[in-house]
Amino acid sequence: MMRGANDDLPQARLGWIMAAIQTLIYAGFVGTFIASPETMTRPIAPGMGVTVATVFGLLCILSTMVLTGTYVLIANRLTAR
């Protein structure tokens, strides 16, 4: 069976939604740096060298991996129909 151009619409829409979510997460990271650099450079706990920015940055990377994995699972299920 041949697939039409409209068959890819749910995957494309899902991809754009997830890209928008990731953009908002990253914009929050950058925006926090712009609005409150002292917050981002503060250590997580007194005496620690790990800052809020480090944790926030790692969470941005982790969110990218989670969103990508979620997209692949959902898109594959939609394609299998």
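The values are calculated or read from the model by the stated rules, or taken from the named source; none is laboratory data. These numbers were taken from a predicted model, which means no experiment stands behind them. With ligands, DNA and RNA removed, areas are computed over all heavy atoms of the protein, side chains included. Shrake-Rupley method; radii C 1.70, N 1.55, O 1.52, S 1.80 Å.
Working from Cα positions, state the angle (0 to 90°, nearest 10) between the long axis of helix 9-35 and the longest principal axis of the chain.
Taking Cα atoms only, the helix is inclined about 10 degrees.
For the chain, what is the accessible area per residue in Å² when the probe is 1.4 Å?
Working: 6050 Å² over 81 residues.
Result: 75 Å² per residue.
Note down the Stokes-Einstein diffusion coefficient of the chain in µm²/s, whole number, using a Kirkwood radius over alpha carbon pairs, 20 °C, and 1.002 mPa s. Could the numbers behind the result be given before it?
Numbers: Rh = 15.0 Å.
The diffusion coefficient I find is 143 µm²/s.
Taking the 0 to 90 degree range and rounding to the nearest ten, how far is the long axis of helix 52-80 tilted relative to the main principal axis of the chain, both from C-alpha atoms?
Between the helix axis and the principal axis of the chain, the angle is about 10 degrees.
On the accessible surface of the chain, probed at 1.4 Å, how many percent belong to carbon and sulfur atoms?
Details: 4370 of 6050 Å².
Heavy-atom surface of the chain belonging to carbon and sulfur, 1.4 Å probe: 72 percent.
Check which residues have an amide H placed less than 5 Å from Arg42's amide H, if you skip close sequence neighbours.
Amide H neighbours of Arg42, under 5 Å, 5+ apart: Val52, Ala53.
Name the most mobile residue of Gly69, Gly31, Gly47, meaning the one with the largest mean-square fluctuation, in a Gaussian network model of the chain with Cα contacts below 10 Å.
Gly47
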